[in-house]
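Input: a single structure, listed below in structure tokens.
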Amino acid sequence: QVQLVESGGGSVQPGGSLRLSCAASGSIFNIYKMAWYRQNSGKQRELVAAIVSGGSPHYTDSVLGRFTVSRDTAKNAVYLQMNRLKPEDTAVYYCNAAVDSFGLGIGMDYWGKGAQVTVSS
């Protein structure tokens, strides 16, 4: 089994910054992808940013130029630096990872429990 634990959520005023962290632990042979999703009440969960091993980061259009995703492969961790936050960024942010636990070349999807981010004046 693999566990993902997020940290760093909270409340901030519009224009402020927050940094989310997510650490994966458990049975990990390789992590193919780590990503951040978000979900607001009544809406579908949406991809915010993703980083694939050996690839370039991918962002949804609404966060381009404001959010930066990064990964520490040695720590099995992914981070989301969020700058110039807007009220519409308010959501629960979920960490996601595609993990190969046994070296079989198969990545299973795992999710964290979520971290609340609230942007309000």
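Things worth noting here:
- Under Karplus coefficients 6.51, -1.76 and 1.60, residue-wise ³J(HN,Hα) of region 103-117 in Hz, glycine/proline x: x, 8, x, 10, x, 9, 7, 10, 10, x, 7, x, 10, 6, 10
- In order along region 79-85, the phi-based Karplus estimate (6.51 cos²θ - 1.76 cosθ + 1.60, θ = phi - 60°) of 3J(HN,Hα) comes to 10, 10, 8, 10, 10, 6, 5 Hz; Gly and Pro are listed as x.
- Net charge contributed by nearby residues that have their C-beta within less than 13 Å of N96 (K/R +1, D/E -1): +2
- Per-selection Rg to Rh, region 1-53 - Cα, Kirkwood hydrodynamic radius: 1.02
- Rounded accessible area of T73 (nearest 10 Å², 1.4 Å probe): 100
- This model, with +1 at the C-beta of Lys and Arg and -1 at the C-beta of Asp and Glu, gives the chain a dipole about its Cα centre of some 200 debye.
- For A115, net neighbour charge (Lys/Arg +1, Asp/Glu -1) across residues whose Cβ lies under 15 Å away: +2
- DSSP loop chymotrypsin sites (Phe, Trp or Tyr not before Pro) with at most 15 other Cβ within 10 Å excluded, longest remaining stretch of the chain: 30-101
- Most fluctuating residue given options G65, G42, G54, as computed from a GNM of the chain linking Cα atoms under 10 Å: G42
- Nearby lysines by direct alpha-carbon distance to K33 (threshold 25 angstrom, same-chain neighbours under 8 apart not counted): K43, K75, K113
- On a per residue basis, the convex hull of the C-alpha atoms belonging to region 23-106 measures out at 105 Å³.
- Dipole magnitude of region 1-62, debye to nearest 20 (Cβ charges: Lys/Arg +1, Asp/Glu -1, about Cα centre): 60
- With loop membership from DSSP and a limit of 12 other Cβ atoms within 10 Å, the longest segment of the chain without trypsin sites (Lys or Arg not before Pro) is 44-112.
- Accessible area of M34 in the full protein assembly, 1.4 Å probe (Å², nearest 10): 0
- Counted charge near G65, where neighbours are those whose Cβ lies closer than 14 Å (Asp, Glu -1; Lys, Arg +1): +1
The values are calculated or read from the model by the stated rules, or taken from the named source; none is laboratory data. These numbers come from a predicted model, not from an experiment. As a convention, Cβ positions derive from the backbone with ideal geometry for all residues, glycine included, and neighbour counts pool all protein chains shown. Accessible surface areas use protein heavy atoms only, side chains included; no ligands, DNA or RNA. Shrake-Rupley method; radii C 1.70, N 1.55, O 1.52, S 1.80 Å.
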